[in-house]
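Participant: Quick one: structure below, then a few questions.
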Amino acid sequence: MSLPFIQNPECGLCCGIGGELVWQNDDLRVIMVDEPHFVGFVRVIWQEHVAEMTDLLPAQRSTLMKTVCLVEDVMRQVLNPTKINLASLGNMTPHLHWHVIPRFLDDVNFPNPVWAISPIESAQVPQPHVSKDQYDALVNALKIALWAV
């Protein structure tokens, strides 16, 4: 499937989907991230190659944040995590995207950030807090909810 915007041929988010595609429209896409220590990790990616929220028009910002909040709401309902982490960093990939990550009290690095896993912790065999059935339910619930965006 080709993306509507290919503005930076060196950007991984311009040149590829970025994960398991759940839903997309002309403005953004929602993907599941393959992260064995944090199953259920979702990324909301703006289609056009821009780096910052303020590169968007106010209505576009509203659409993006409404989608991020919708993903968070669905994730809370389906997975019942201890906490949801929201992040928009872009230091490594300067293409506007938001991370929506379910966190659990006994996950591999709670309460520290997901990006602060030590080499010892990252080498541990992942103990997913989200079952295959929960993962599938999350993907299906997201697909249903995102049609309203």
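Participant: Any idea which of (1) of a type outside the set (Ser, Thr, Tyr); (2) under 23 Å from Gln134 (Cα atoms); (3) modelled with pLDDT of 95 or more is the one Met65 doesn't satisfy?
Facilitator: All conditions are met except number (2).
Participant: Where the second residue is in a helix (DSSP H, G or I) and β-branched (Val, Ile, Thr) and the first is closer than 12 Å to Trp46 by Cα and at pLDDT 85 or above and lies in the stretch 4-29, which pairs have Cβ atoms under 8 Å and are six or more apart or on separate chains?
Facilitator: Listed by first residue and then by second, the contacts come to Asp27/Thr63; Leu28/Thr63; Leu28/Thr67.
Participant: While we're looking at this one, here's another question. Looking at the stretch 29-113, what strands (runs of 3 or more DSSP E) fall wholly within it and have at least 1 residues that are over 21 Å from Ile17 (Cα atoms)?
Facilitator: Details: elements: 42-46, 83-87, 97-103.
Ranges flagged: 83-87, 97-103.
Participant: Please go through the stretch 114-146 and pick out each residue that is among the hydrophobic types (A, V, I, L, M, F, W, C), in contact (Cβ under 8 Å) with a residue 40 or more places away in the chain and not in a helix (DSSP H, G or I). Working first, answer last.
Facilitator: First, pick out the residues of the stretch 114-146 that are among the hydrophobic types (A, V, I, L, M, F, W, C): 114-117, 120, 123, 125, 130, 137-139, 141-142, 144-146.
If we keep only those that are in contact (Cβ under 8 Å) with a residue 40 or more places away in the chain too, we end up with 114, 117, 130, 137-139, 141-142, 145-146.
If the condition is that a residue be among the hydrophobic types (A, V, I, L, M, F, W, C), in contact (Cβ under 8 Å) with a residue 40 or more places away in the chain and not in a helix (DSSP H, G or I), then Ile117, Val130 are the ones that fit.
Listed here are the residues, each with its yes/no results for (1) buried (at least 17 other Cβ atoms within 10 Å of the Cβ); (2) more than 13 Å from Val39 (Cα to Cα); (3) not β-branched (Val, Ile, Thr).
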| residue | (1), (2), (3) |
| --- | --- |
| Val68 | yes, yes, no |
| Glu72 | yes, yes, yes |
| Thr82 | no, yes, no |
| Leu86 | no, yes, yes |
| Asn91 | no, yes, yes |
| Ala145 | yes, yes, yes |
| Val149 | no, yes, no |
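Participant: Count, please, the residues in the stretch 37-61 that happen to be more than 14 Å from the chain's Cα centre (by Cα) and either closer than 25 Å to Lys83 by Cβ or of a type in the set (D, E, K, R) (or both). Give the derivation first.
Facilitator: So in the stretch 37-61, the residues more than 14 Å from the chain's Cα centre (by Cα) come out as 37, 48-61.
Filter once more, so that each one left must be either closer than 25 Å to Lys83 by Cβ or of a type in the set (D, E, K, R) (or both): 37, 48, 52-53, 55, 61.
Qualifying residue count, the stretch 37-61: 6.
Participant: Quick one: His97 ticks every box in (1) under 26 Å from Leu56 (Cβ atoms); (2) open to solvent by 60 Å² or more (accessible area, probe 1.4 Å); (3) in contact (Cβ under 8 Å) with a residue 12 or more places away in the chain; (4) not β-branched (Val, Ile, Thr) bar one, so which box is it?
Facilitator: Among (1) under 26 Å from Leu56 (Cβ atoms); (2) open to solvent by 60 Å² or more (accessible area, probe 1.4 Å); (3) in contact (Cβ under 8 Å) with a residue 12 or more places away in the chain; (4) not β-branched (Val, Ile, Thr), His97 violates only (2).
The values are calculated or read from the model by the stated rules, or taken from the named source; none is laboratory data. Quick caveat, the model's predicted, so the values are computed rather than measured. A quick note on method: Cβ atoms are made from the backbone with ideal geometry, for glycine too, and the neighbour counts reach across all protein chains shown. Heavy atoms of the whole protein, side chains included, go into the accessibility calculation; ligands, DNA and RNA do not. Shrake-Rupley method; radii C 1.70, N 1.55, O 1.52, S 1.80 Å.
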